[in-house]
1. Only loop residues by DSSP count here, and only those with at most 10 other Cβ atoms within 10 Å; note down the GluC sites (Glu not before Pro) in region 12-71 that meet that.
2. Which distance in Å, rounded to a whole number, links the C-alpha centroids of region 230-290 and region 83-119?
3. I want the local charge near Val231. Using Cβ-Cβ distances under 15 Å, sum +1 for each Lys or Arg and -1 for each Asp or Glu among the other residues.
4. Based on alpha-carbon centroids, what's the gap between region 601-620 and region 141-164 in Å, whole number please?
5. Cut-off under 26 Å on the C-alpha distance; same-chain residues fewer than 8 positions from Lys573 excluded. Which lysines are left, in chain and number order?
6. I'd like the antiparallel share, as a percent to the nearest 5, of DSSP beta bridges with both residues in region 359-502.
7. Which percent of the accessible area of region 196-279 is formed by carbon and sulfur heavy atoms (probe 1.4 angstrom)?
8. Of the beta bridges DSSP finds with both residues in the chain, what % are antiparallel, to the nearest 5?
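The values are calculated or read from the model by the stated rules, or taken from the named source; none is laboratory data. Remember, predicted model here, so these are calculated numbers, not experimental data. Counting neighbours? That spans all protein chains shown, and the Cβs are built from the backbone with ideal geometry, glycine included. These accessible areas exclude ligands, DNA and RNA; they are computed on the full protein's heavy atoms, side chains included. Shrake-Rupley method; radii C 1.70, N 1.55, O 1.52, S 1.80 Å.
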Amino acid sequence: MSDLIKTYCSRLCGGACGILVKVVDGKVIGVQGNPDCAFNEGYICPKGRALPELLNHPDRLTTPLKRIGEKGSAKWQAIPADEALDTIAGKLQGHMKRSGAESVLLYEGALKGLERHFIRRLASVLGTPNTVSTDDACHAPRTLAAKYTSGLRAYPDYDYPPKCLMVWGRNSLQNCSDGPPARFRTAFDQGTRFIVVDPRKISLASRADVWLKPRPGSDGLLALSMLNVIVDENLYDHDFVDEWVLGFDQFRAFIAGYPPNEVAERTWVPESQIRQAARLYATTKPAAIQWGNALDQTSNAFQACRAIVMLEALTGNLDVPGGGVFPDPLPMLSAAEFARVAGSPATTRRAVGSQYTLAAEMGIVPSHESSRAILEEDPYPLRAALIFGSNPLLAHANAGTVYQAFKKLDFLVVAELFMTPTAEMADIVLPAAADLEYDALVKNQGCIAAHPKIVEPPGACLSDGQWISRIAERMGGGQHFWESDAAAIDAILGPGGFTFEQLSAVGVYAPETRYQKYEESGFETPSGKVELFSRRLDDLGLDPLPTYHEPGQTPFGRPDLIEEYPLVLTNGKNPYFYHASHRNLPGLRRLSPEPLAELHPETAARLGLSQADMVFIETPQGKIKQRLRVNADLDPRVVIVALGWWFPERGPVDLYDWREANLNLLTDSAPPHDPAMGSPNLRGLVCKVYKA
């Protein structure tokens, strides 16, 4: 029997595209885009099309595994789920009794669903303040920068559409998060003018009015220089600034210190282009900015993102049709609300990394801090960890330190779809259900939709939420969780009066977009205005204005390293994979079989390199090996390195050769970090390239 079912693709990346799924005899055999879904209008990326491969892969984990050899020795024994849960509960309770609840770390991966709600609720039930995340280098700096400037994060009003759209640090035609490629059709049809800010020539750069190629990691400096032009040339929205902006006089004096003629040398963007982009954005209204997580990945991330929010504010492009809009709150519990358990001591205990004030405010232990704290036992010993939806050996900075930290842990649990380098370091591995195999909820562009289970998961697989619920039950906290994912979603939807079943019948809950809401109640800041000078930040000991501090190990931060390391390192997302996931799917590997490092052809020739050579890329932290691809559109000083690479086909003996091409063996987790978020500097690092 064959069915074609309308649903969503929500676990293969951060998007939520509408799809049509072909199911035959309880098995998914085909996926295509749903042309009737407003989220993506029929577009579907290669990852989405590969969903049947993932669901039906012969290497899926289907039963819990217990390590019976040394860590990383690939020696496992299949065990029943009850034994796995009893072992986990016993080990955690033992460590908590001896070393306190804070000795347990919970790791969360990239945001894809409700698993984070469950992870943080489990932390509350256990009483640990330590939830480890890469959010300090992915989305949190942008979210917090907006909160401390305009109150909320704005998203481009694609439907209007903008007359000018600035795409900054994001490959928008190959990335479905925060607006899939289909959202650009109206903009293309109506002649939207584009400004692209990216060292790499992404697809949109070909049709951009202005393409800026900044030195990787210098985005904050570039944004400040554009603000200098807008203020100095009187291009800002006087009416909006006079009524709705706080601290403009202090900001005017501050921004005078970033003139484009001086900034040009340090950003590698010519003064004429800085002025051209600033003028185009400020005078072509309405305008919007779509930004990516490249902006989150420097030790200057928070203030760089604040500067970009200020570009939106000073030009009067916040919460207006075609500008950056603030979606109305959805009628549901937030992750923070869901996480709260009455009487939990988690909030009274000092978290690892709590010196990073704003990261701590979001409940984030910066990923690099967890490894440091495990190894140094500072601020206290850390004994056990549970990892859901993440592969830290590939995803966290300074991967060598991550490896040493996991070796030191007394007990490690990993929930996964497949064995990965990180899973091979575990003591217990739990088999996770995949997309379409459990009831879920998707959020997209200010909307929510039900995502009911379509097929049964194989073997003993459970959703992350249900594994977490069962662990809590074994530890005496089952009353704080639910028997099913649907029941948990009912609780999340409770404030809106929905149930999961009712939302499934409705399809999509989409509040009508309202504009200029600040005229009714002000902005969601203490002053009710956009705060250029932030008294709250000043009180926290942070820069109240978006001051730029040159990150470490860059050409301007460590000029003494340039002679040995003359190139500048950055990375780009591969459209066929999601971070370190999917390297074992044959259809995707045919599209992208190996990791590629990109150099300008003149630079390659000077170094004695040719297209397709195997090359070493080396920083002061280490070296890796990738295949060379020459790219004439790059700045000759830049090398772009592929991230997330490991090799499932080579087997687990050396953790799937996780060291060979792993970008994060080149990145550093040492200070300076972003003082607000703890973000390490992952872009603009000095490096060298030579033949392998």
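1. Filter output for region 12-71: Glu70.
2. Taking the Cα centre of each part, region 230-290 and region 83-119 sit 47 Å apart.
3. Working: positive: Arg252, Arg275, Arg279; negative: Asp232, Glu233, Asp237, Asp242, Asp249, Glu312.
In short, -3.
4. When both Cα centres are located, 39 Å separates them.
5. Those lysines meeting the cut-off are Lys47, Lys112, Lys201, Lys213, Lys443, Lys623, Lys625, Lys688, Lys691.
6. Numbers: 5 of 15 bridges.
The answer is about 35 percent antiparallel.
7. Values: 1360 of 3370 Å².
Here it works out to 40 percent.
8. On the way: 42 of 86 bridges.
Once the DSSP bridges in the chain are tallied, antiparallel ones form about 50 percent.
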